[in-house]
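**Q** Quick one: structure below, then a few questions.
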Amino acid sequence: MFVSRPAVHPVEAPPLTDAAAGENPPPRVRMKDLQGMPGTPGGLALRLSQFVFAVAALSAMVSTNDFTSVTAFCYLVAAVILQSLWSLSLAFVDIYALLVKRSLRNPGAVCLFTIGDGITYSLTFAAACASAGITVLIGNDLNICAENHCASFETATAMAFISWFALLPSFLLNFWSLASR
């Protein structure tokens, strides 16, 4: 059999420069923390607005006495309770990071923030959509707003959506930070 044999030609390594030799390594460049990321004043403002609107949705829904008769409204209450607890706890973490001037760019912390924001993001959106559907059903389709607390239901639903909109930048910035590692 006549099979050609490949020839190996060694390639010379390029000469080492001073920076590559380890004498003066190039400075590492870190991405600047964008406002809205954890540990920034913008991130703290987003967390506090998430908390305020979630508590407003909770108080508007709980102010009625018949919200427990509808499963979607109970789901909204549970979702905004979780949202308010999550946002308040991360607001405390942001306050601590700002006071001690620490960056929250730790990969484990960013992963935890992203997963937590994703869960609360999904739950709050689903609960607000379900409550909006029931509110439209009660108000427009069944025309029984006089017997129910439609204004409170609509207010709670609107506050849940606003809390969800305040959560959107936090989730996207954390996800982007996690994906850019």
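**Q** Tell me yes or no: at least one residue of the stretch 91-102 is crowded, with 21+ Cβ neighbours inside 10 Å and hydroxyl-bearing (Ser, Thr, Tyr). Lay out the reasoning, then the answer.
**A** Within the stretch 91-102, the subset crowded, with 21+ Cβ neighbours inside 10 Å is 94.
Those left that are additionally hydroxyl-bearing (Ser, Thr, Tyr): none.
Within the stretch 91-102, none of the residues are crowded, with 21+ Cβ neighbours inside 10 Å and hydroxyl-bearing (Ser, Thr, Tyr).
**Q** Have a look at Ser59, Ser87, Ser131, Ser63 and point out the one that is surrounded by fewer than 18 Cβ atoms within 10 Å (Cβ to Cβ) and modelled with pLDDT of 95 or more. Quick ask: steps written out before the conclusion?
**A** Details: Ser87 fails: surrounded by fewer than 18 Cβ atoms within 10 Å (Cβ to Cβ); Ser131 fails: surrounded by fewer than 18 Cβ atoms within 10 Å (Cβ to Cβ); Ser63 fails: modelled with pLDDT of 95 or more.
Selected residue: Ser59, the only one of Ser59, Ser87, Ser131, Ser63 that is surrounded by fewer than 18 Cβ atoms within 10 Å (Cβ to Cβ) and modelled with pLDDT of 95 or more.
**Q** Related question: Do you know which residues across the stretch 155-180 are hydroxyl-bearing (Ser, Thr, Tyr) and at pLDDT 90 or above?
**A** Start the filter on the stretch 155-180 by keeping residues that are hydroxyl-bearing (Ser, Thr, Tyr), which leaves 155, 157, 163, 170, 177, 180.
Within the stretch 155-180, Thr155, Thr157, Ser163, Ser170 meet the criteria.
**Q** Just to be sure before I move on: is Ser49 within 30 Å of Ala132 (Cα to Cα), out of contact with any Ser or Thr (no Cβ under 7 Å at 6 or more places or on another chain), modelled with pLDDT of 95 or more and crowded, with 21+ Cβ neighbours inside 10 Å in the structure I sent? Give the derivation first.
**A** On the way: within 30 Å of Ala132 (Cα to Cα): yes; out of contact with any Ser or Thr (no Cβ under 7 Å at 6 or more places or on another chain): yes; modelled with pLDDT of 95 or more: yes; crowded, with 21+ Cβ neighbours inside 10 Å: no.
Spelling it out, it is not the case that Ser49 is within 30 Å of Ala132 (Cα to Cα), out of contact with any Ser or Thr (no Cβ under 7 Å at 6 or more places or on another chain), modelled with pLDDT of 95 or more and crowded, with 21+ Cβ neighbours inside 10 Å.
**Q** Given the criteria without any contact (Cβ under 8 Å) to a residue 60 or more places away in the chain and surrounded by fewer than 18 Cβ atoms within 10 Å (Cβ to Cβ), does Ser180 qualify? Please lay out each step first, then the result.
**A** Numbers: without any contact (Cβ under 8 Å) to a residue 60 or more places away in the chain: no; surrounded by fewer than 18 Cβ atoms within 10 Å (Cβ to Cβ): yes.
No; evaluated as a whole, the condition is false for this residue.
**Q** Could you tell me whether the stretch 137-146 includes any residue that is in contact (Cβ under 8 Å) with a residue 24 or more places away in the chain and buried (at least 18 other Cβ atoms within 10 Å of the Cβ)? Please lay out each step first, then the result.
**A** Here is the first cut: in the stretch 137-146, the ones in contact (Cβ under 8 Å) with a residue 24 or more places away in the chain are none.
Looking for residues that are in contact (Cβ under 8 Å) with a residue 24 or more places away in the chain and buried (at least 18 other Cβ atoms within 10 Å of the Cβ), one finds none in the stretch 137-146, hence no.
**Q** Name the single residue, out of those in the stretch 115-168 being closer than 20 Å to Asn65 by Cβ and among the acidic types (Asp, Glu), that is nearest to the chain's Cα centre (by Cα).
**A** The residue in question is Glu154.
**Q** Still on this structure, I have one more. Somewhere in the stretch 47-63, is a residue among the basic types (Lys, Arg) and more than 19 Å from Ile162 (Cβ to Cβ)?
**A** Taking the stretch 47-63 first, the residues among the basic types (Lys, Arg) are 47.
If we keep only those that are more than 19 Å from Ile162 (Cβ to Cβ) as well, we get none.
Scanning the stretch 47-63, I find no residue that is among the basic types (Lys, Arg) and more than 19 Å from Ile162 (Cβ to Cβ), so the answer is no.
**Q** Counting only residues that are touching a residue at least 40 places away in the same chain (Cβ under 8 Å) and hydrophobic (A, V, I, L, M, F, W, C), how many does the stretch 73-125 have? Can you show your working first?
**A** Within the stretch 73-125, the subset touching a residue at least 40 places away in the same chain (Cβ under 8 Å) is 73, 75-76, 78-80, 82-83, 87-88, 90-91, 93-95, 97-98, 102-105, 107, 109-111, 113-114, 117-118, 120-121, 123-124.
Checking the rest, the ones that are also hydrophobic (A, V, I, L, M, F, W, C) come to 73, 76, 78-80, 82, 88, 90-91, 93, 95, 97-98, 104, 109-111, 113, 123.
Total satisfying the criteria: 19.
**Q** Moving on to the next point. Among the numbered conditions (1) of a type outside the set (Gly, Ala, Ser); (2) assigned to a helix (DSSP H, G or I); (3) more than 17 Å from Phe171 (Cβ to Cβ), tell me where Asp94 comes up short.
**A** Answer for Asp94: the failing condition is (3).
The values are calculated or read from the model by the stated rules, or taken from the named source; none is laboratory data. Being a predicted model, the structure only gives us computed values, none of them experimental. No Cβ is skipped: glycine too gets one built from the backbone with ideal geometry, and neighbour counts run over all protein chains shown.
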